[in-house]
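Asker: My questions will all concern the structure given below.
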Amino acid sequence: MKRSLEELVRPNIWKLKPYSSARDEFHGTASVYLDANENPFSTSYNRYPDPMQWHLKERISALKGVDKECIFLGNGSDEAIDLVLRIFCEPGIDRMVTISPSYGMYEVAADINNVACVKVPLNTDFSLSAEKLLGEIRRFGDNRTKVVYLCSPNNPSGNLLERKEILTVLNFFDGIVVVDEAYIDFAAAPSFLQELDNHRNLVVLQTLSKAWGGAGLRLGMGFASKEIIALMNRVKYPYNVNQLTQEQALNLLNRKDIMQEQLLAILKGRKWLAENLGQFPFVKHIYPSDANFLLVRMDNADAVYAYLVDKGIIVRSRTKVMLCDDCLRITVGTPEENRLLIQNLQGWKH
Ligand SMILES: *Cc1c(COP(=O)(O)O)cnc(C)c1O
């Protein structure tokens, strides 16, 4: 039994009459704009930006092979993560389900929205069991689970979730399935974008923050059916992506050659780091990574962390995270940064 989009969306959102901005009511070009109470003298950003970011979406559409009506752009992926919850989950009533360990923002967004967040543990090798996740949802015996959040490649474990398992969730869960692909550019696997036509309940998230080198711009991308994207556009702030970000993002996206060159260097760095970290006797396990970081289990990870801080090198301690005891998450740096890390670890007296 499949639920319709109307059955999944909060009734107040389904009925929402969105704010209509000056730039919504007139689009096209004119010679004189006296409709938005802007200062008419140029500062280069005295005008409101395009609320729908069409130039940027056209570029992204060409890059990703996704219709521009099926693209949402926001202030980082974090905006899309929050919007999906606000559109589908009634506070205090509905729930979302995610995996553990994974990206902490899913739970924070749920907590802020007063939406219950159920975390289903991954297997100890960080693989996903769709059967286990679907079983958890079935056990509630109600229809209050509206959204499932998956992350592939997963943060902090670095692995891709198995395609077959994600497809099982998409086929058997009759709510919204978000697949967060923040790290997909580093992975040796196709994106779930190609599944959008087959699965009306799929939302894919990507970002300029990782491979594209645009973390400071704050540009996140959501891809879904045009019905879901239309809902996201109705609920977002009218001018959620500012002019400077729209312009600079276009500049980044126009230099895919630079991105690809950096991507190759990062992949090479990942391999080099894994080989070199593997030589230390205190390193117990390096998890296979399809992302731009390595999750590394070692003796006394907290002490290694503090030692590195003392050397001016900051990695991420994940020692308190489920299935990650004694693990540090290490982002791949430049060749010089990677060399410094290894060189300093050679001086670690354990
Ligand atoms: C880094 C990261 C993001 C990116 O978030 P932005 O808000 O786009 O910077 C999204 N999801 C995961 C899992 C991440 O690790």
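The values are calculated or read from the model by the stated rules, or taken from the named source; none is laboratory data. No experiment lies behind these values; they were computed from the predicted model shown. Counting neighbours? That spans all protein chains shown, and the Cβs are built from the backbone with ideal geometry, glycine included. Each accessible area value is taken on the protein alone, full model and side chains, heavy atoms only, with ligands, DNA and RNA left out. Shrake-Rupley method; radii C 1.70, N 1.55, O 1.52, S 1.80 Å.
Asker: Suppose we keep only residues that are open to solvent by 70 Å² or more (accessible area, probe 1.4 Å) and part of a helix (DSSP H, G or I) within the stretch 37-58. Which one would you say is nearest to Asp24 (Cα to Cα)?
Answerer: Here the residue is Trp54.
Asker: Take Thr124 and decide whether it is surrounded by fewer than 18 Cβ atoms within 10 Å (Cβ to Cβ) and in contact with a Leu (Cβ under 7 Å, 6 or more places away or on another chain).
Answerer: Details: surrounded by fewer than 18 Cβ atoms within 10 Å (Cβ to Cβ): yes; in contact with a Leu (Cβ under 7 Å, 6 or more places away or on another chain): yes.
Yes.
Asker: Answer yes if at least one residue in the stretch 4-11 is among the hydroxyl-bearing types (Ser, Thr, Tyr), surrounded by fewer than 15 Cβ atoms within 10 Å (Cβ to Cβ) and within 30 Å of Lys119 (Cα to Cα), and no otherwise.
Answerer: Yes, the stretch 4-11 contains a residue that is among the hydroxyl-bearing types (Ser, Thr, Tyr), surrounded by fewer than 15 Cβ atoms within 10 Å (Cβ to Cβ) and within 30 Å of Lys119 (Cα to Cα).
Asker: In addition: So if I check each of Val148, Val204, which one is under 30 Å from Asn251 (Cβ atoms) and either of a type in the set (Ser, Thr, Tyr) or in a strand (DSSP E or B) (or both)?
Answerer: On the way: Val148 fails: under 30 Å from Asn251 (Cβ atoms).
Of Val148, Val204, the one residue that is under 30 Å from Asn251 (Cβ atoms) and either of a type in the set (Ser, Thr, Tyr) or in a strand (DSSP E or B) (or both) is Val204.
Asker: Check off (1) within 19 Å of Leu56 (Cα to Cα); (2) near the ligand (Cβ under 10 Å from one of its atoms); (3) crowded, with 20+ Cβ neighbours inside 10 Å for Ala224 and give me the number that stays unchecked.
Answerer: (2)
Asker: Can you tell me which of (1) among the acidic types (Asp, Glu); (2) within 15 Å of the ligand (Cβ to nearest atom); (3) in a loop (DSSP other than H, G, I, E, B) is the one Asp185 doesn't meet?
Answerer: Of the numbered conditions (1) among the acidic types (Asp, Glu); (2) within 15 Å of the ligand (Cβ to nearest atom); (3) in a loop (DSSP other than H, G, I, E, B), the odd one out for Asp185 is (3).
Asker: Right, here's the next one. Kindly list, by first and then second residue, each pair from a residue in the stretch 125-139 that is in the same structural domain as Thr98 (by TED's automatic domain parsing) and within 18 Å of Cys151 (Cα to Cα) to a residue that is crowded, with 16+ Cβ neighbours inside 10 Å and charged (D, E, K, R), limited to pairs with Cβ atoms under 6 Å and residues at least 6 apart or on different chains.
Answerer: Leu128/Glu165; Ala130/Glu165
Asker: Is it the case that Glu90 is part of a helix (DSSP H, G or I), touching a residue at least 60 places away in the same chain (Cβ under 8 Å) and among the acidic types (Asp, Glu)? Talk me through it step by step, then tell me what you get.
Answerer: Details: part of a helix (DSSP H, G or I): no; touching a residue at least 60 places away in the same chain (Cβ under 8 Å): yes; among the acidic types (Asp, Glu): yes.
Against the criterion (part of a helix (DSSP H, G or I), touching a residue at least 60 places away in the same chain (Cβ under 8 Å) and among the acidic types (Asp, Glu)), Glu90 does not qualify.
Asker: Looking at (1) within 16 Å of the ligand (Cβ to nearest atom); (2) assigned to a helix (DSSP H, G or I), which is the only condition Gly213 fails?
Answerer: (2) is the only condition that Gly213 fails.
Asker: Write out, first by first residue and then by second, each pair whose Cβ atoms fall under 7 Å of each other, whose residues are 6+ apart or on separate chains, and whose first residue, in the stretch 143-158, is within 15 Å of the ligand (Cβ to nearest atom) while the second is assigned to a strand (DSSP E or B) and open to solvent by 10 Å² or more (accessible area, probe 1.4 Å).
Answerer: Pro156/Arg329
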